[in-house]
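Undergrad: Below you will find the structure I want to go over with you.
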Amino acid sequence: MRFSAEDLLSALLEAAPRPTAQAPRDARGLYGLVDHHGDLRYIGSTSSTDQTFYERIHQRHRTGSEGMSHYFSAMYNSGRMWRDRTDALTKADGDIAKALRNEFVVDHCRAVWFALPDTEDVARLEAEILSLAPDHAIAWNRRRMQAYDEPVDLVEATLRRLGWGVREKAAIERQRLRFLSALVAPVAAPAPKPALIRQARVTPFPKGPFRFFALDVETANNDRGSICQIGVACVRPDNSIETWVTYVDPKVDRWVFTYLHGISARTVQGAPTFGEVLPVLRDALNGATVYQHSGFDRSAVAAACGNCDLPVPQWDWRDSVHVARAAWPELRGNGGHGLASLKQHLGLMFEHHDAGEDARAAAEVVLRAEGVQPVRTQPPVPTGQIVIVDGEDFDLIEDDDNTVMVVQEPAAASMSSDPNPRQHAGRHIGTTEITQGNIDNNHIYLRSFFEEFPADAIGGSNRASAAQREIAVGCGGATVVMTDLDGEKKFFRKRGWIREFFERHGVRAGDMVTVEEVAPYSYRVALQRSLS
């Protein structure tokens, strides 16, 4: 029997949620996590044929470390269920808070699953499902939502069931106070905690020159002036795109669209107000062409200006929807010209409902309509390759524009300052032996030559402490991955592409992998087969 992504997605969306403890101990495949409201929020798959639904859902997501990809643990790490797992001084209280969180998930959260035979290409099906899933069903994927506020009444219900005494209740109350303190002064506790945005000033805008801009906003509620995020894609003369993004504190009490974009009042705590952001934008975009995808963004800026009693900037607004209609009339009545439809038709790679991502997508629509292949990322990407945005759980998105796969493509050649990139031999920086553990867990150890990588591309042990800059990693074929490096484990943080690399080359334990630097912040990984 063949399984289609559409049918599997429907099965997950329509399945009756069940307690995590009922997850099968002898089956694997695709699953979803359901929050305490009864809403599906995450879709994933068992990571290997050795991991069952029970192990993945009940033991990992429910009881794992909250700073990692254990989503129940991460999303309910708040209030009396909060802990800082790196703080030895509060370990005793933190362990009690974590035990409460584990039991809360048992009582109030659920999961769905669909078993698949081990012969199925689960990774491919998962990627296809994630590309089709509605935003609300994958709001936890890639941490697009912040941790929930403590559901006080439900926590009280769990405490009544547990029958905890004075000692335990005192411990979790101390944790609640520490959680509140961490929100006020996050610098004092560097451990993973609910994400906060702390901006003493507005993020500096990139320096030009630029050909044009594309702007996108997200709002907190139905008031168009309730802007909570602004993204601007800045297109340089060489068609490279640099994206500027800032959260905005709209100073509202009603947050209606958090389920859609994952931004909440906690996310924007400490962020600048619209009145503080506007002068930066006014100066940067003065006299420039500014694209929006539909008329919403212009009206939102005008509404926000009205809320702040500020004059509306007179930018040269253009609509990339009109550009797309002229360039691809075949989409009229066949999916339309919204970003979701253009994403599929043009092979665009972006996360919808993130202002920076949507702005960049609108800019790419304009460049594609001009007949120009945009230079998608900085640093330079090796010629003849496309970028794959690699998610934490192998969320693969493929580009359908075959023209960028041609080595002689002029636009692609302009990505590198090397006058003859096809002859670029690269600088060998290290060789590493592949172990069975590497193959099982989809990573490549870089320990023996880790110091060869740029320091500003090396981050901490989790995504919350990722480096500010990424490197481009090519692995043959037509793919390039943008990632930073895990400074603790000393490997590439994004690992989904490594699975494909191992499978494509039939990598075995004992094989050697070489890493070359082909340009600043750009690397090539290649297999050196063992002779045994």
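The values are calculated or read from the model by the stated rules, or taken from the named source; none is laboratory data. From a predicted model like this one, the values you see are computed outputs, not experimental measurements. Glycine gets a Cβ as well: all are built from the backbone with ideal geometry, and neighbour counts include every protein chain shown.
Undergrad: Pairs under 8 Å by beta carbon, first residue in the same structural domain as residue 432 (by TED's automatic domain parsing) in segment 445-460, partner basic (Lys, Arg), six or more apart or different chains?
TA: 445/490; 446/490; 447/490; 450/490; 454/469; 456/469; 457/469; 459/493
Undergrad: Which of the residues that make up segment 145-163 are touching a residue at least 40 places away in the same chain (Cβ under 8 Å) and over 36 Å from the mean Cα position of the chain (by Cα)? So that I can check it myself, show each step before the final result.
TA: The initial filter retains those residues of segment 145-163 that are touching a residue at least 40 places away in the same chain (Cβ under 8 Å), namely 145-152, 154-155, 157-159, 161-162.
Hits for segment 145-163 are 161, 162.
Undergrad: Tally the residues that are assigned to a helix (DSSP H, G or I) and at pLDDT below 85, restricting the search to segment 137-156.
TA: Filtering segment 137-156 for residues assigned to a helix (DSSP H, G or I) gives 137-138, 141-143, 152-156.
When the remaining residues are screened for being at pLDDT below 85, the result is 141-143.
Number satisfying all stated conditions: 3.
Undergrad: Please go through segment 151-160 and pick out each residue that is buried (at least 19 other Cβ atoms within 10 Å of the Cβ) and not polar (S, T, N, Q). Talk me through it step by step, then tell me what you get.
TA: Step one: of segment 151-160, the residues buried (at least 19 other Cβ atoms within 10 Å of the Cβ) are 151, 155, 158.
151, 155, listed by residue number.
Undergrad: A further question on this structure: Here are 299, 294: which of them is out of contact with any helix residue (DSSP H, G or I) (no Cβ under 7 Å at 6 or more places or on another chain) and hydroxyl-bearing (Ser, Thr, Tyr)? Spell out the reasoning first.
TA: Details: 294 fails: out of contact with any helix residue (DSSP H, G or I) (no Cβ under 7 Å at 6 or more places or on another chain).
299 is the lone residue from the list that is out of contact with any helix residue (DSSP H, G or I) (no Cβ under 7 Å at 6 or more places or on another chain) and hydroxyl-bearing (Ser, Thr, Tyr).
Undergrad: Follow-up question, since we're still on this one. For residues that are in contact with a helix residue (DSSP H, G or I) (Cβ under 8 Å, 6 or more places away or on another chain), in a loop (DSSP other than H, G, I, E, B) and at pLDDT below 85, tally how many sit in segment 464-494.
TA: Selection size over segment 464-494: 8.
Undergrad: Which condition does residue 289 not pass, out of (1) in contact (Cβ under 8 Å) with a residue 40 or more places away in the chain; (2) crowded, with 17+ Cβ neighbours inside 10 Å, if it passes all the others?
TA: Residue 289 satisfies all of (1) in contact (Cβ under 8 Å) with a residue 40 or more places away in the chain; (2) crowded, with 17+ Cβ neighbours inside 10 Å except (2).
Undergrad: Search segment 26-46 for residues that are closer than 16 Å to residue 125 by Cβ and assigned by TED's automatic domain parsing to the domain that holds residue 155 and pair each with any residue that is small (Gly, Ala, Ser) and assigned to a loop (DSSP other than H, G, I, E, B) when their beta-carbon atoms are under 7 Å apart and the residues are at least 6 apart or on different chains.
TA: Within 7 Å, the pairs are 43/133.
Undergrad: Out of everything in segment 6-47 that is charged (D, E, K, R) and farther than 21 Å from residue 130 by Cβ, what residue ends up being surrounded by the fewest Cβ atoms within 10 Å (Cβ to Cβ)? Reasoning before the result, please.
TA: We begin by selecting, within segment 6-47, every residue charged (D, E, K, R); these are 6-7, 14, 18, 25-26, 28, 35, 39, 41.
If we keep only those that are farther than 21 Å from residue 130 by Cβ too, we end up with 18, 25-26.
Values: 18: 13, 25: 10, 26: 8.
Among them, the one singled out is 26.
Undergrad: Let me spell it out: the conditions are (1) surrounded by 20 or more Cβ atoms within 10 Å (Cβ to Cβ); (2) within 16 Å of the chain's Cα centre (by Cα); (3) not small (Gly, Ala, Ser), and residue 112 meets all of them except one. Which number is the exception?
TA: In the conditions (1) surrounded by 20 or more Cβ atoms within 10 Å (Cβ to Cβ); (2) within 16 Å of the chain's Cα centre (by Cα); (3) not small (Gly, Ala, Ser), residue 112 misses (2) alone.
Undergrad: Here is a further query. Six or more apart or on different chains, Cβ atoms under 9 Å: show the pairs whose first residue is in segment 223-238 and within 18 Å of residue 249 (Cβ to Cβ) and assigned by TED's automatic domain parsing to the domain that holds residue 355 and whose second is of a type in the set (Lys, Arg) and surrounded by fewer than 23 Cβ atoms within 10 Å (Cβ to Cβ).
TA: 223/254; 226/251; 226/254
Undergrad: Moving on to the next point. When you scan segment 274-293, do you find a residue that is at pLDDT below 90 and closer than 30 Å to residue 140 by Cα, even just one?
TA: yes
Undergrad: So, in segment 239-269, how many residues would count as being part of a loop (DSSP other than H, G, I, E, B) and under 22 Å from the mean Cα position of the chain (by Cα)?
TA: Kept after step one, since they are part of a loop (DSSP other than H, G, I, E, B), are these residues of segment 239-269: 239, 248-257, 262-269.
Next cut, under 22 Å from the mean Cα position of the chain (by Cα) only: 248-249, 255-257, 262-269.
Adding up the residues that qualify gives 13.
Undergrad: Quick check on segment 297-314. Is at least one of its residues at pLDDT below 90, surrounded by 15 or more Cβ atoms within 10 Å (Cβ to Cβ) and of a type in the set (Lys, Arg)?
TA: no
Undergrad: Scan segment 55-68 residue by residue and report those that are crowded, with 19+ Cβ neighbours inside 10 Å and farther than 27 Å from residue 87 by Cβ. Write out each step before concluding.
TA: First pass over segment 55-68, keeping only residues crowded, with 19+ Cβ neighbours inside 10 Å: 56-58, 60-62, 66-67.
Within segment 55-68, 56, 57 qualify.
Undergrad: Further question on the same structure: Output the number of the condition that residue 251 fails; it satisfies all remaining conditions of (1) within 22 Å of residue 366 (Cα to Cα); (2) without any contact (Cβ under 8 Å) to a residue 24 or more places away in the chain.
TA: (1)
Undergrad: Another question, if that's okay. Quick test for you: out of 25, 60, 56, pick the one residue that is charged (D, E, K, R) and touching a helix residue (DSSP H, G or I) at 6+ places or on another chain (Cβ under 7 Å).
TA: Numbers: 60 fails: touching a helix residue (DSSP H, G or I) at 6+ places or on another chain (Cβ under 7 Å); 56 fails: touching a helix residue (DSSP H, G or I) at 6+ places or on another chain (Cβ under 7 Å).
One residue alone meets the criteria, 25.
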